[in-house]
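In what follows, a structure is listed as structure tokens, so that the remarks can point back to it.
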Amino acid sequence: MAAELSPWELIVSASFLVKVVMLMLVLASIVSWVMIVQRGLFLNQSRRLFQSFEQNFWSGIDLNELFRDGSARVQQNRMVSGAESVFRAGFREFNRLTKKGSPDPDAVIEGTERAMRVALSREEEKLNANLPFLASVASTSPYIGLFGTVWGIMQSFLGLANVQQATLAVVAPGIAEALIATAMGLFAAIPAVLAFNRYSAQADNLFGSYQTFAEEFSSILHRRVHSK
Amino acid sequence: MGKWFSYSTATLCSIALHLGVAVLVANKWGHEETERKIVAPKYIDAKLLQLKEKEKPKPKKDNSAAKRREQERQKKLAAEKKRKAEAEKKRKQQEAEKRRKAEAEKKRKQAEAEKKRREEAARKQREQERQKALEDELFGELDEDIEGQIAENDEQVASSYLAIIQRRVSGNWSRPPSARLGMEAELIIQLVPTGRITSVRIVKSSGNAAFDQSVEQAVQKADSFPELKNLESRVFEKHFRNLRMVFRPEDLRM
């Protein structure tokens, strides 16, 4: 009897509810891995773009040129760094306000900073996208698996009541099949937990760099306005 | 690198990973059944050893005459030994010869016995087959009869166990003073093969709550009928899994 216990048979012979639980967990695991890989690629690229942009920015290039470069890239539908979009939002607003010939330099700075704040919060959204899903998979899938296990064990004990001689061989397959649900839950949860922790730390880090950059840029603009 | 691209790579990666894990689990599990080695415990026979004192080397005498005598004695001893060894060898050879002969004889006898036995077995089998064929013919006709007999037999066994249960329950039953003749309560008792009562349910009330309660209590008090353990499962399933009992105040009847 023990020789025939393959995992596939255990899964097939599980009761309907346990099967549903297993299916949910497999789906959750697949989707969470999609998120994990996608987030990994995205964050990696964001960091690379940010580094190259920062290098470019501090190389002494003319800001107008930098802005035009970025516009070309945006038109080609290529990805631009988060810091660059903050820069573009701030610079556009700054140019508009100074062209109008606004007399109050403080008002110009204030408007520019507001525009940059908006761009920053948009960037933060992008960085943290999909992370809540990972967090919920990480926290709920062990419970879902546990539910499947408890249900399966319950069923196998109920079946035990109708058996004349209760041996371990009667209950063991039922319990083994129920435990598969927990195993699946953990299988889905562990990578999700690890990925969530890692990616949220990375996202925080990147967002912090964007903020620093925004501050630096606004100080440059401030100098420009007040030195006129 | 567009959004679409990153998502599709991620999806592919994820699906490939899951398929890989599934295949790995399915394969590994099947092959993991290695033969279990049974390691027999090693026994060491304990023997009582007699402790002997080692012979002490004799002090040498550097006396040449004594030496010569000693040598001669040793030579004689060696010759003696040789003779003895030869005699021993001869004796052993003879013995071996004898043993061989005896063994050959034994083998022959065994072979004969084996042959006889085989013949006997074949004969027996033939006979059995014939017998079986005969029986089959007979039983083909009698099958229905036998089944009927078995059922009847079961019925008898069941009724004897029922009698035991009745006796036990009626012993526990204290009839309430409000019980009147003509009252009748019917209940279903659920039993498990160990003889325990799992549930008692009144299906037809007598119309008198006290009476119903007393009946139910009587059954509950009995708790279990361990005698049912000896019952065949076929009989149990048929008669005792759901046992229907009718109670009347004048007697306890089924």
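None of the figures in this text is laboratory data; all of them are computed from the coordinates on show. From a predicted model like this one, the values you see are computed outputs, not experimental measurements. We place every Cβ from the backbone using ideal geometry, glycine too, and count neighbours over all the protein chains shown.
Observations
- Calculated from the alpha-carbon coordinates, segment A:119-203 shows an Rg and a Dmax of 19.8, 72 Å respectively.
- Peptide-level mean, for B:12-20, of C-beta atoms on other protein chains within 10 Å: 4
- Stretch gain in nm, segment B:GLU186-B:ALA121, where the contour uses 0.36 nm per residue and the Cα spacing is subtracted: 17.3 nm
- Note on A:LEU27/A:SER52: beta-carbon distance plugged into 1/(1 + (r/R0)^6) with R0 of 51 Å gives a FRET efficiency of 0.85.
- Shape analysis of the protein assembly as shown yields a ratio of the Cα radius of gyration to the Kirkwood radius, Rg/Rh, of 1.34.
- Averaged over residues, the count of other Cβ atoms within 10 Å places the peptides A:75-87, A:119-131 in the sequence A:75-87, A:119-131, highest first.
- Charged-residue dipole, Cβ positions (Lys, Arg, Asp, Glu), segment A:7-226 about Cα centre, Debye nearest 20: 440
- Distance between the modelled labels on B:GLU152 and B:GLN128, one decimal in nanometres: 3.2 nm (7 Å Cα→Cβ projection).
- Local electrostatic count at B:ASP212 - Lys and Arg +1, Asp and Glu -1, tallied over other residues with Cβ under 14 Å: +2
- Relative contact order (percent, whole number), segment A:7-226, Cα cutoff 8 Å, 6+ residue spacing: 34
- Peptide ranges A:53-62, A:183-192 listed from the most packed, as the mean C-beta count within 10 angstrom indicates: A:183-192, A:53-62
- 10 Å Cβ neighbours from other chains, averaged over peptide A:22-31: 1
- Working value for segment B:77-254: equivalent-ellipsoid semi-axes of 77, 29, 10 Å, each the square root of 5 times a Cα gyration tensor eigenvalue, largest first.
- Cβ neighbours within 10 Å from other chains - mean over A:35-44: 4
- Ordering A:43-49, B:128-134, B:241-247 by mean Cβ neighbour count within 10 Å, with the highest value first, yields B:241-247, A:43-49, B:128-134.
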